[in-house]
Amino acid sequence: MKILAIAAAALLLASESQSFAPTPLSTRSASRPHFSAASTLNAAATTGEEDLELTRQIIMSHVAKTGEDDEGVEVDEEYLPSHNKNPDDYPANDLMIRAALGREDVERTPVWLFRQAGRHLPEYHEYKQKTGRSFLDMLSFPEDVAECTMQPVRRYDMDAAILFSDILVIAEALNIEVTMPGGVGILVPCPLVGPADMKERVPSKDKLNVDFVNDKLGHVMESVRLIRKQMKEEGISIPLIGFSAAPWTLLFYMVGGSSKKNQHIGMEWLHSHPEASRELLDSLTTIVIEYMAQQVENGAHMLQLFEAMG
């Protein structure tokens, strides 16, 4: 639970002062609908505004487990990533953070690129050709990840940088082969074929801890640290966004083999193997939390969780 609290605290970055503790709930706009913690377990959002508020309530319910209450949220320093305790690490341009928090109107809409969007740049193609590595291969080299992350923010006046990575790095860490043959998008050539195959190939939930993430995905954490170092050296003071695929999307790829055209396979898995599906989603939730928390610990200011399936 501490890991999730760290991730939640990092997501709810403070903007009014150079502190990273969430603002008290009482300071939120009176016009925003309020949902009790209990309602988040039973109610479904019917509008975009309700969906956002329900998401906030879920995050805050986890933050509350570290000792906060609805009247005044105070995050224990113990739960904050070390880099968030240093005011000098707070980005000079915090527009993206303030807009994401939604506590007040911002002066304009922040601009940032979707993940991997830097691949349209001529300097990206030049760099890729120079390395002789494929897109997937480059993700294993922190110097490549840092360079490709920095290219868009050097060229454009962005309000945030986003980690150059892919949503299926978690699947790879779980012994699921991922390929990108070209022209057809990213593929999982040998998807899981049933519960027995899942148990044989995917590590059990109890093994999916911080040590596992640092062992299998340590190159991502090194990349995050290198990006932050590069941003400081180049005088680019904007938030760095880390990201991950959400569990549902990971499951669909791991059992379906490719993108949206095979979604029926994921649905068939859920109906045919309900217990195995719950077990897999539980394991994926665990590693996503650990993975994103480690991104924050290593320097990410914000997090995006991508749900591309279902």
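The values are calculated or read from the model by the stated rules, or taken from the named source; none is laboratory data. Bear in mind the structure is a predicted one, so any value in this text is a computation, not a measurement. Methodologically, a virtual Cβ is constructed for each residue, glycine included, from the backbone with ideal geometry; neighbour enumeration extends over all protein chains shown. Calculation scope for accessible area: heavy atoms of the full protein, side chains included, ligands and nucleic acids excluded. Shrake-Rupley method; radii C 1.70, N 1.55, O 1.52, S 1.80 Å.
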How big is the dipole moment of the stretch 200-310 about its Cα centre under a simple scheme where the beta carbon of each Lys and Arg is +1, that of each Asp and Glu is -1, and everything else is neutral? Debye, nearest 20, please. 300 debye
Sorting GLU177, GLU50 by accessible area (1.4 Å probe), largest first, what list results? GLU177, GLU50
Which log10 I(q)/I(0) values, to two decimals, does the stretch 216-310 give at q = 0.13, 0.17, 0.19, 0.23 Å⁻¹ under the Debye formula with one point per Cα? -0.55, -0.78, -0.88, -1.08
State the three equivalent ellipsoid semi-axes of the stretch 113-254, derived from the C-alpha gyration tensor as the square roots of 5 times its eigenvalues, in descending order and whole Å. 29, 18, 13
Percent of Cα-Cα pairs more than 14 Å apart in the stretch 156-212, please. 67 percent
Using a 1.4 Å probe on the protein heavy atoms only, what accessible surface does HIS219 show? Give it in Å² to the nearest 10. 50 Å²
Run the 1.4 Å probe and let me know the accessible area of ASP157, rounded to the nearest 10 Å². 140 Å²
Can you list residues whose amide H is under 5 Å from LEU208's amide H, if they're 5+ apart or on another chain and H is modeled 1.01 Å from N? none
Provide the solvent-accessible area of GLU126, counting protein heavy atoms only and rolling a 1.4 Å probe, rounded to the nearest 10 Å². 130 Å²
Considering only protein heavy atoms, with the full assembly of protein chains and a 1.4 angstrom probe, order THR46, THR179, THR149 by accessible area, largest first. THR46, THR179, THR149
Rg and Dmax of the stretch 269-310, using alpha carbons, in Å: what are they? 13.5, 41
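I'd like the Kirkwood hydrodynamic radius of the stretch 115-186, using the inverse of the mean 1/r over distinct C-alpha pairs, in Å. Let's see the in-between values first.
Details: mean 1/r = 0.0768 Å⁻¹.
Over the stretch 115-186, the inverse of the mean reciprocal pair distance is 13.0 Å.
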Among LEU163, LEU192, MET180 the positive-end extreme of the charge dipole of the stretch 150-231 (Cβ point charges): LEU163
What is the Å³ per residue value for the convex hull set by the Cα atoms of the stretch 182-260? 153 Å³
So what's Rg/Rh here for the stretch 89-156, counting alpha carbon atoms and using the Kirkwood radius for Rh? 1.09
